[in-house]
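Novice: Before I ask anything, here is the structure I am working with.
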Amino acid sequence: MDQLQRKLRDYEAAMFQQGFLDDQFSQLQKLQDDSSPDFVIEVMTMFFDDSEKLLNNISRALEQIPVNFKQIDAYVHQQKGSSASVGAARVKNICATFRSFCEAQNRDGCVSCLQQLQKEYSQLKKNLQYLFRLQQEFKAAAGSIPTGE
Amino acid sequence: MAAAGEIFRSNLTELLEESHSGDNELHVLAVDDSLVDRKVIERLLKISSCKVTVVESARRALQFLGLDGDGENSDIGFDGVKVNLIMTDYSMPGMTGYELLKKIKQESSVFREIPVVIMSSENVLTRIDRCLEEGAEDFLLKPVKLSDVRRLKEFIMRGEVKDGEKNSLKRRRSSDDCSPSLSTTFSPMRHLCDPPSSLFSPLSPSTLSSKKSRL
């Protein structure tokens, strides 16, 4: 069990160290307690659904002729907002760059940003799903998730 | 319209429960078009022991307050919902948080006295100024943190305590349990020339950054 706990803590720490997650994610963890034991997973699930929708919308919008940069910017703004709200730091940072390209009406820049976004988002989702799995394992073994520092 | 009816029906029950207990609980109306942000703000408020109503648009917020002009409150049969604080996102499709703020402050009734806080992910000086000028109590940078909510709650509660002392006597005399008794002690504070952020702890990041942006 100690090993599992260590694995969990190390993995979580790595996600912060590597910039996948920032302090806002810690804020969300603080909001989880016995009255709302699955809060983080619930929020992240909403974030996943929301993001996938937005990424699809952006992708389709970039295929339009002519490209509606204002609309894309609106989608990216939403994505940036929700990323910030859940502590998805890398995703959020790409959105900032993306918005500049929208403003400059640079389609190639936008396409490149979308690819980066999709890649980062995918990686984040995979990592988080693994983290949640580890937490569930630990919970099953110990009865509660460590709020370890 | 069915949706509005649903909101009113479910809140009528809450209102009736509230009039018998939880007089000291703050009721916050949160407005945000983002599903993720709604979930987070709701949790932030609940964990801070606030009663929360979350809606997805300014329109819905006005409906909830009974200010949408689609009919008088009295037709529905209750005196309006007691809301101690409104927290609204700035950028929303349709009516923005700023427009919602203006609408509320234009009311010539207790609604105008409800403190309104604007939340925004963008630290734009002109935006902040505009909101404060229009009567916003505070401007919070997103993502909103637990410390922001706690700070806000303390500020609102201070006003409510003074008002509660005034009104508990009134309530005992009056047969109407549901009359909104929102604080009127905010008015002297609002007439200060300094922006409301100076009333709060100067060390909070959101007011710091809004102050910084003013320099």
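The values are calculated or read from the model by the stated rules, or taken from the named source; none is laboratory data. Not measured: the values here are computed from a predicted model. FYI the Cβ positions are ideal-geometry reconstructions off the backbone, even for glycines, and counts take in every protein chain you see.
Matching residues to (1) in contact with a His (Cβ under 8 Å, 6 or more places away or on another chain); (2) in a strand (DSSP E or B); (3) over 17 Å from A:Gln116 (Cα atoms); (4) more than 10 Å from chain B (Cβ to nearest Cβ):
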| position | (1), (2), (3), (4) |
| --- | --- |
| A:Ile41 | no, no, yes, yes |
| A:Asp49 | no, no, yes, no |
| A:Ser59 | no, no, no, yes |
| A:Val67 | no, no, yes, yes |
| A:Ala74 | no, no, yes, no |
| A:Gly81 | no, no, yes, no |
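Novice: Next up: Run down B:Phe186, B:Phe139 and say which single residue is closer than 23 Å to B:Gly97 by Cα and modelled with pLDDT under 55.
Specialist: B:Phe186
Novice: Restricting to the stretch A:1-37, give me the number of residues that are surrounded by fewer than 13 Cβ atoms within 10 Å (Cβ to Cβ), farther than 14 Å from A:Ser85 by Cα and either within 14 Å of another protein chain (Cβ to nearest Cβ) or among the hydroxyl-bearing types (Ser, Thr, Tyr) (or both).
Specialist: Selection size over the stretch A:1-37: 3.
Novice: Still on this structure, please answer the following. Could you tell me whether any residue of the stretch A:76-85 is free of Cβ contacts under 8 Å to residues at least 12 places away in the same chain and either small (Gly, Ala, Ser) or under 29 Å from B:Lys145 (Cα atoms) (or both)?
Specialist: yes
Novice: I've got another one for you. Exactly one of these conditions fails for A:Gln105: (1) more than 14 Å from every other protein chain (Cβ to nearest Cβ); (2) polar (S, T, N, Q); (3) assigned to a helix (DSSP H, G or I). Give me its number.
Specialist: Unmet condition: (3).
Novice: Now, a different point. Counting just the residues of the stretch A:79-121 that are of a type in the set (S, T, N, Q), surrounded by fewer than 21 Cβ atoms within 10 Å (Cβ to Cβ) and under 16 Å from the mean Cα position of the chain (by Cα), which one comes out nearest to B:Asp32 (Cα to Cα)?
Specialist: That would be A:Asn93.
Novice: How many of the residues in the stretch A:42-53 are surrounded by fewer than 22 Cβ atoms within 10 Å (Cβ to Cβ) and closer than 19 Å to A:Lys70 by Cα?
Specialist: 1
Novice: Looking only at the stretch A:83-95, count every residue that is touching a helix residue (DSSP H, G or I) at 6+ places or on another chain (Cβ under 7 Å) and more than 11 Å from chain B (Cβ to nearest Cβ) and tell me the total.
Specialist: 3
Novice: With respect to A:Leu21, is the statement that it is over 27 Å from A:Cys110 (Cβ atoms) and touching a helix residue (DSSP H, G or I) at 6+ places or on another chain (Cβ under 6 Å) true?
Specialist: In short, no.
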